[in-house]
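For reference, the structure discussed in these notes is given below.
The values are calculated or read from the model by the stated rules, or taken from the named source; none is laboratory data. Remember, predicted model here, so these are calculated numbers, not experimental data. Cβ atoms come from the backbone with ideal geometry, glycine included; neighbour counts cover every protein chain shown. Ligands, DNA and RNA are stripped out before the accessible areas are found, and what is left, the full protein with its side chains, is counted by its heavy atoms. Shrake-Rupley method; radii C 1.70, N 1.55, O 1.52, S 1.80 Å.
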Amino acid sequence: MVTNVTGHLNWDPAVMTRVCADAVRRGWRIGTHAAGDRAVRTVLDVYEAVVTQAGPLAPGTLVIEHALLSDPAQRKRAVLGGFPITVQHALLWNMGSEMLQTWGPDRTREVNPLDEWLALGASLAAGTDIAHPFNPMTNVWDMVTRGTKTAGIQGPEHAIDVAMALRLYTMGTAALNHEQGRLGSITPGKLADLIAYPIDPLTADPNDLAELTPTFTIVGGRAMHDPGGVLSS
């Protein structure tokens, strides 16, 4: 049975607004975790109040982490406010069954509607939010297929293509961290950090992505992972 659970606020929004406004005046950046739509709405209220108090802020100063559930009005507010969103489809992959039990099927299929965020021009950066090693390509597979570990396909209408999923993982994260001039793409003048896969993720069957691992990894121009000796042959 799914019950109507809205949780509780750990911070009074007025207090949170004062703390965040003071932090941005000191030049700090803030990322606030918000999973449900009530939490997202509250964070948007706070962030908008912070901008009113502190004045215009540099892009990426105020970030919403996760925003697993949001409604169209909230997504528009985030985009208009210039608040980037970090998206972690690994959470849906890992906890899809629990979401079905607690949130129900209708809300679970609406978790992280990346297609709708992107259609509004949102600034998105992909990650995992799982505190142990997690294959990034499993996360890409999830964004492309909306597949999960134990709950099947959830919300296939919100899937995005492989190229965009990879872009969110690379250019998206670099832009969020203000490092797009040195990271995020294989471009002259940027750091020589790259990976190579045994198949092309852009043309491979999406179902081959979930367990895809690198053939080699280069960091700063040096081979850091090359178990097959490809770079030394």
- line: residue 211 passes all but one of the listed conditions (1) surrounded by 11 or more Cβ atoms within 10 Å (Cβ to Cβ); (2) at negative phi; (3) under 25 Å from the mean Cα position of the chain (by Cα); the exception is number (1)
message: One residue is enough: does region 58-70 have a residue meeting the conditions open to solvent by 10 Å² or more (accessible area, probe 1.4 Å) and assigned to a helix (DSSP H, G or I)?
response: no
message: For region 6-28, give me each residue that is within 26 Å of residue 69 (Cα to Cα) and small (Gly, Ala, Ser).
response: 7, 14, 21
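Please tell me if residue 15 is farther than 24 Å from residue 113 by Cβ and hydrophobic (A, V, I, L, M, F, W, C).
So residue 15 fits the description; yes.
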message: I'm trying to understand the selection: among the residues of region 136-151, which are open to solvent by less than 40 Å² (accessible area, probe 1.4 Å) and either assigned to a loop (DSSP other than H, G, I, E, B) or aromatic (Phe, Trp, Tyr) (or both)?
response: 141, 146, 147, 148, 151
statement: From the option list 92, 9, single residue qualifying as touching a residue at least 60 places away in the same chain (Cβ under 8 Å) and either open to solvent by 40 Å² or more (accessible area, probe 1.4 Å) or under 28 Å from residue 149 (Cα atoms) (or both) is 92
query: Among the candidates 56, 133, 156, 105, which residue alone is of a type outside the set (A, V, I, L, M) and under 21 Å from residue 176 (Cα atoms)?
result: 56
message: I need every pair where a residue in region 167-188 that is aliphatic (A, V, I, L, M) has its Cβ under 7 Å from the Cβ of a residue that is part of a helix (DSSP H, G or I) and at pLDDT 95 or above, sequence separation at least 6 or different chains.
response: 183/174
message: I'm checking my understanding of the structure. Among residues of region 30-57 that are among the small types (Gly, Ala, Ser) and open to solvent by less than 30 Å² (accessible area, probe 1.4 Å), which one is nearest to the chain's Cα centre (by Cα)?
response: 34
- request: Specify the residue that is farthest from residue 150 (Cα to Cα); the eligible residues are those in region 105-131 that are at pLDDT below 95 and open to solvent by less than 60 Å² (accessible area, probe 1.4 Å).
  value: 127
message: Any residue that is part of a helix (DSSP H, G or I), more than 28 Å from residue 105 (Cβ to Cβ) and over 12 Å from the mean Cα position of the chain (by Cα) - is there at least one of those in region 152-169?
response: yes
